[in-house]
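All remarks here apply to the structure that follows.
Read-outs: derived from the displayed coordinates by stated rules, not from any lab. On a predicted model such as this, the values are computed, not experimentally measured, just so you know. Backbone-built Cβ (ideal geometry, glycine too); neighbour counts: all protein chains shown.
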Amino acid sequence: MNKIAPDHLARSAFVYVRQSTPDQLINNPESRRRQYALATRARALGWENVVVIDDDLGRSGGGTARPGFERLLTSICTGTAGAVLAIEASRLARNGRDWHTLPGVLHPGELPDHRRGRRV
């Protein structure tokens, strides 16, 4: 079953790239490479417009201002995001405020399947 509808493809795919510390940026380039590779995956899935947000590299998710995350939320809220790709969910949200913000801006049919006990 393909969950990607033409409406999703008509909007942009957003790839959110983040590593929490400057040390991770220096010592773990493979993680960053895998995160950037999600842009290629989005194109393979059919998106023509792929936006990579990497403004938050080297910023912790715990209480630190993350302009890239705010930009991502704005894109979701304004309906310009057809998909959000991240290597793992913890890249998106590390604290309760961020996690509780995400479901509130998603449409009911787009809630993460883990809330229903299924994996996407």
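Stretched out fully, how many nm does the piece from Arg11 to Ile26 gain, at 0.36 nm a residue minus the Cα gap? Kindly include the intermediate steps, with their values, before the conclusion.
Details: separation 15, 0.36 × 15 = 5.40 nm, distance 3.38 nm.
Answer, rounded to one decimal: 2.0 nm.
How far apart, in nm, are two points set 7 Å out from the Cα along the Cα-to-Cβ line at Tyr36 and at Ala89?
2.8 nm
Over the Cα atoms of the range 1-78, what Rg and Dmax result, in angstrom?
Spelled out, the Cα radius of gyration and Dmax of the range 1-78 are 14.0, 41 Å.
Return the long-range amide H neighbours of Phe14 (sequence gap of 5 or more, or a different chain), with a cut-off of under 5 Å between placed amide H atoms.
So Phe14 has HN proximity to Val51, Gly82, Ala83, Val84, Leu85.
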